[in-house]
1. Show the residue pairs that are 6+ apart or on different chains and have beta-carbon atoms under 6 Å apart, the first residue being within segment 65-86 and assigned by TED's automatic domain parsing to the domain that holds Met165, the second being among the aromatic types (Phe, Trp, Tyr) and in a helix (DSSP H, G or I).
2. Can you list the strands (runs of 3 or more DSSP E) found entirely within segment 185-275 that contain at least 2 residues being more than 16 Å from the ligand (Cβ to nearest atom), modelled with pLDDT under 95 and not assigned by TED's automatic domain parsing to the domain that holds Glu56?
3. Restricting to segment 92-151, what's the tally of residues that are over 14 Å from Pro66 (Cα atoms) and within 23 Å of the chain's Cα centre (by Cα)?
4. For His170, work out the one condition from (1) within 30 Å of Ala33 (Cα to Cα); (2) of a type outside the set (D, E, K, R); (3) over 18 Å from the mean Cα position of the chain (by Cα) it doesn't fulfil.
5. Can you give me the number of residues within segment 138-149 that are among the small types (Gly, Ala, Ser) and exposed (fewer than 15 other Cβ atoms within 10 Å of the Cβ)?
6. If Glu194 passes every condition in (1) acidic (Asp, Glu); (2) closer than 15 Å to Ile291 by Cα; (3) crowded, with 17+ Cβ neighbours inside 10 Å but one, which one does it miss?
Amino acid sequence: MKSPSTTGNPPKASQGLATKPVEERLQKLVDSALYCGGSATAQKIRNFLNGTWLGEPLHVVLTDVPVGAWTVAMVFDGLDFIRSRREFELAADTSIAIGLAGAIGAAATGVTDWSDVDPPARRIGLIHGLLNIGATALFTTSLLLRAKKSRTAGRISAALGYAVMSYAAHLGGTMVYEHRVGVDQTDGELFPEEFAAVLPESELLEGKPTRATHNGVPFLIVRRGNRLFAMAGTCSHFSGPLSEGKLVGDSIVCPYHSSRFALEDGHVLDGPAVHPQPCMEVRARNGQIEIREPRTGKTPASSNSTVS
Ligand code: FES
């Protein structure tokens with residue numbers, strides 16, 4: 001998978017793998033393992049883990065399980081410390097076990113998402129993941145100590161795990177809110193409300209993904225036979241230029257991480273993208289390709305037009 005920097009500085013081809021940062025080398029290993037040589041089954045599994053079917057990153061949903069369960073464990077450990085009761089012990093132990101089960105799902109989805117994260121969030125993501133492994137190990141140790149009746153040591157191990165998990169969660173928030181990982185990159189782009197000319201019709205060749213702009217916002221325009229398609233040109237995943245992508249039937253493959261979007265309505269056919277690509281109404285008038293934002297919403301069921 002091509003993995004360019006989001007800073008706009010693509011990696012130099014001359015750089016050998018050995019000279020690259022450890023997180024990049026690790027990411028390449030993870031990425032090739034998850035793609036399994038491009039097998040269709042591996043892609044389906046990735047789509048599931050990314051959350052392509054959900055329209056949101058599945059990872060952010062699953063992380064609520066360990067965070068929530070281990071918070072409950074902390075509360076019951078506190079209550080048990082103040083007023084020792086068997087019910088509090090049982091509630092704390094069960095919550096830790098539930099959190100550990102949730103951590104497996106969160107780890108699987110997190111690693112899948114991370115395999116397509118570009119710098120600078122890539123390094124933060126690696127630290128975030130390693131800290132969460134540490135937190136999971138501490139909660140596992142806590143459960144084992146509790147099973148051996150070493151409840152005080154178990155409580156201390158859980159408290160340490162919770163502190164590590166909290167910092168890891170902070171880094172996860174940094175990735176989302178500062179580096180916009182998992183956020184729809186087209187959000188905030190302004191599309192023309194009325195039909196506006198964006199490209200001379202003569203420059204739109206059959207089956208060639210073509211870039212057009214309106215007020216600085218890029219669009220992908222495609223002509224297939226007598227049909228026209230237009231969608232936001234910035235990939236919703238990590239801003240890949242879709243006009244440089246590859247046309248596969250009635251879909252476009254992003255040149256950065258190979259997300260595939262249906263030209264018809266922008267829905268995600270293959271991840272890692274999870275957010276649909278906004279489509280435009282498009283028509284050919286007076287030798288110009290004109291587009292506008294659909295009246296019925298950002299991603300209509302059908303937004304393309306036949307060439308008149
Ligand atoms: S930028 Fe990642 S798939 Fe398009």
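The values are calculated or read from the model by the stated rules, or taken from the named source; none is laboratory data. Just so you know, these numbers come straight off a predicted model, no measurement behind them. FYI the Cβ positions are ideal-geometry reconstructions off the backbone, even for glycines, and counts take in every protein chain you see.
1. Partner pairs satisfying both residue conditions: Trp70/Tyr162; Met74/Tyr162; Phe76/Phe88; Leu79/Phe88; Asp80/Phe88.
2. Here the list is empty.
3. Of the residues in segment 92-151, 19 are over 14 Å from Pro66 (Cα atoms) and within 23 Å of the chain's Cα centre (by Cα).
4. Single failed check for His170: (3).
5. Residues meeting the conditions: 1.
6. (3)
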